[in-house]
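Have a look at the structure below before the remarks.
Every number here is computed from the coordinates shown, using simple stated rules; none is lab data. Since the structure is predicted, the reported quantities are computational estimates derived from the model, not experimental observations. Neighbour counts are summed over all protein chains in view; Cβ atoms, including those assigned to glycine, are modelled from backbone coordinates with ideal geometry.
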Amino acid sequence: MKVALAQIDPTIGDFSGNTAKILEFTRRAQQGGAELVLFPELAICGYPPADLLEKTAFVARSGEALCEIARATARDGIAVIAGYVTAAEHGAGKHVMNSAALVRDGRVEFVQSKMLLPFYDVFDEQRYFAAAARQRLCFFEGEPVALTICEDAWNDKSFWENRLYTVDPVEELTRQGAGLILNISASPWWRDKRELRREMLAAIAKRHRVPVAMVNQVGGNDSLVFDGSSLVIDPGGRVIAQAKSFEEDLIFADLDALTGDMHEQAFDEDEAMLEALALGTRDYVRKCGFSKVVVALSGGIDSALVAAIAVRALGAENVTTLGMPSPYSSPGSIDDSRKLAENLGIRYEVVAIDEIFRGFNHALEPVFAGRGPDSTEENIQSRIRGALLMAFSNKFNALVLTTGNKSEMSTGYCTLYGDMVGALAVIGDVFKTRVYDLCRSVNREREIIPAAILEKPPSAELRPGQKDTDSLPPYEVLDPVLEAYVEHYETPENIAAERGLDLEMVRAIVKMVERSEYKRQQAALVLKVTPKAFGMGRRFPIAAKVQV
């Protein structure tokens with residue numbers, strides 16, 4: 001049997017657009033000689049649809065779109081498997097199910113719903129879906145096939161030390177005689193996720209001695225980035241077909257000869273992260289109905305990286321940058337920003353804030369009488385810049401990309417309604433030390449980010465001679481502490497002991513993290529590229545007194 005894996009980028013709720021894309025890829029698969037083409041989890045409606053699932057019209061439209069696909073492919077001589085939303089059985093507790101349908105010859109031949117519903121990190125499927133009570137074999141051309149949906153394949157007892165579910169749908173279906181495992185997925189990307197996914201699927205293939213074909217969604221949907229990287233693995237655990245990462249693709253595999261297309265995935269993890277951030281940015285901007293963005297260039301490394309990612313995502317013609325020097329900005333910051341803009345081929349405008357800053361101080365002088373300058377005046381500078389960015393955004397219909405990194409968001413080293421202004425936090429899940437790694441990757445073939453930006457000490461330049469280390473430990477010390485506490489929930493005591501650090505310093509860092517929760521919950525959407533990002537996958541109360 002020759003199968004095709006159609007790795008597409010659906011838009012949530014765009015039933016007509018998604019249907020058209022499915023039909024286009026089906027035609028291409030049929031022309032390539034495939035007997036069966038697979039599309040990702042919930043490909044018809046897009047994943048994750050969240051509370052759209054509460055709308056009965058949304059659910060009905062999902063079923064109607066599937067019928068449109070069945071009618072349109074009735075005479076094509078190819079079968080289609082695609083994910084969509086179905087109504088749950090009466091008494092199931094929820095009113096919808098996450099399902100996969102096999103359509104052929106103009107009709108729906110088989111439907112299987114998802115049994116394992118993830119409820120951790122960014123996943124909240126138990127909020128919406130009823131779980132399938134049982135799994136049944138799907139027969140295609142007389143052959144028994146296990147048709148599974150994403151998480152249904154993530155519970156192999158020989159691979160996971162601690163399983164989240166008592167049931168393994170793959171094991172049950174292979175026990176019933178399945179000779180092929182098909183998995184349609186919407187599996188988000190984060191660093192090292194591709195290797196984990198590949199190893200897990202290979203372990204399943206070897207354990208059950210059957211081929212495994214997994215098609216994965218690609219594209220950005222809000223904070224999530226899906227890498228695609230679809231795979232076909234033979235019974236020995238060898239990859240015999242693979243799709244590209246971070247772009248739509250169509251691959252073919254001959255399951256009798258155990259051969260297939262091998263498309264290049266030769267990204268190291270830093271390059272993969274750049275591609276993920278660019279894809280997430282591109283899809284967020286375009287799926288929200290925009291084409292242009294604006295970035296504030298400070299002369300620092302964070303804004304330089306965001307500008308470079310924006311150009312990779314949208315093209316230089318769609319990126320504008322603003323320099324907004326204050327009385328404390330060094331001449332080098334403007335010069336470095338201008339050089340960066342030249343290297344990227346993007347528009348760079350300078351709007352000085354000196355006069356505006358003096359106006360604020362003059363207006364506030366009577367009510368601030370007797371009080372010396374402090375962080376209040378520093379934050380005013382940042383908030384002036386935020387207002388100017390939003391004015392540019394309004395005037396030119398361009399989304400603002402924020403430039404704060406994960407180290408700053410963790411510790412609250414950022415200003416509400418100032419540098420936090422914007423629609424998307426492109427590098428909000430990238431620690432400062434990783435920012436340098438990504439910049440070096442940007443410069444791999446030629447110097448795009450000027451060396452002066454990479455070499456200067458990090459500074460917000462909000463007062464004379466200011467450096468980040470005036471308020472924070474060096475990032476080489478800070479970032480491992482933040483990663484341990486924010487991503488792995490280690491205690492300050494364990495962090496200090498295991499890394500040989502001063503406990504009081506670690507506690508001070510942790511206190512900054514806890515005190516800044518109110519800022520993070522007002523922050524722009526963060527693109528998730530690590531196992532634990534700020535946003536919907538990390539939920540903490542604001543009004544709390546944390547003692548652990």
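Rounded to the nearest 0.05, what FRET efficiency do Ile12 and Glu365 give with R0 = 60 Å and r taken as the Cβ-Cβ distance? Could you check? E(calc), rounded to 0.05, equals 0.75. Each Cα pair under 8 Å and six or more residues apart adds its separation to the average, and for the chain the resulting relative contact order is 11 percent.
Reported to the nearest whole Å, the Cα centre-to-centre distance from the stretch 70-85 to the stretch 377-395 is 51. Model label points for Glu493 and Glu141, set 7 angstrom from Cα along the Cα-to-Cβ axis, are 6.2 nm apart. With the dipole of the stretch 2-257 worked out from charges on the C-beta (+1 for Lys and Arg, -1 for Asp and Glu) around the Cα centre, which of Ala202, Gln135, Ala50 lies farthest toward the positive end? Of the listed residues, the answer is Gln135. First check a/c for the stretch 467-541, with a ≥ b ≥ c the square roots of the eigenvalues of its C-alpha gyration tensor; if it is under 1.5, answer rounded, and if not, answer prolate when a/b is larger than b/c or oblate otherwise. Prolate is the answer for the stretch 467-541, as a/c is 1.5 or above and a/b outweighs b/c.
Taking a straight Cα-Cα cut-off under 16 Å and skipping sequence neighbours fewer than 8 places away in the same chain, the aspartates and glutamates within cross-link reach of Lys193 are Asp121, Glu151, Asp227, Asp268, Glu269, Asp270, Glu271, Glu275, Asp429, Glu487.
Projecting label points 7 angstrom from Cα along Cα→Cβ for Ser158 and Ala74 puts them 4.5 nm apart. Summing charges over neighbours of Glu125, with a neighbour being any other residue whose Cβ is under 11 Å away from its Cβ, gives 0 when K and R count +1 and D and E count -1. With both labels modelled 7 Å from their Cα along Cα-to-Cβ, the Ala316 to Phe396 distance reads 1.5 nm. Counting Lys and Arg as +1 and Asp and Glu as -1 over every other residue whose Cβ lies under 14 Å from the Cβ of Leu173, the net charge comes to 0. If a spin label sat at a point 7 angstrom from the Cα of Val239 along the line to its beta carbon, the backbone N atoms of the stretch 166-201 nearer than 18 Å would be those of 183-201.
Based on C-alpha pairs under 8 angstrom that are at least 6 apart in sequence, the stretch 473-515 has a relative contact order of 34 percent.
Per residue, the chain reaches -11000 deg cm²/dmol at 222 nm when only DSSP H runs of four or more residues are counted, each adding -39500 (n - 2.57). Compactness ratio for the stretch 217-352: Cα radius of gyration over 2.2 N^0.38 Å (N = residue count) comes to 1.40.
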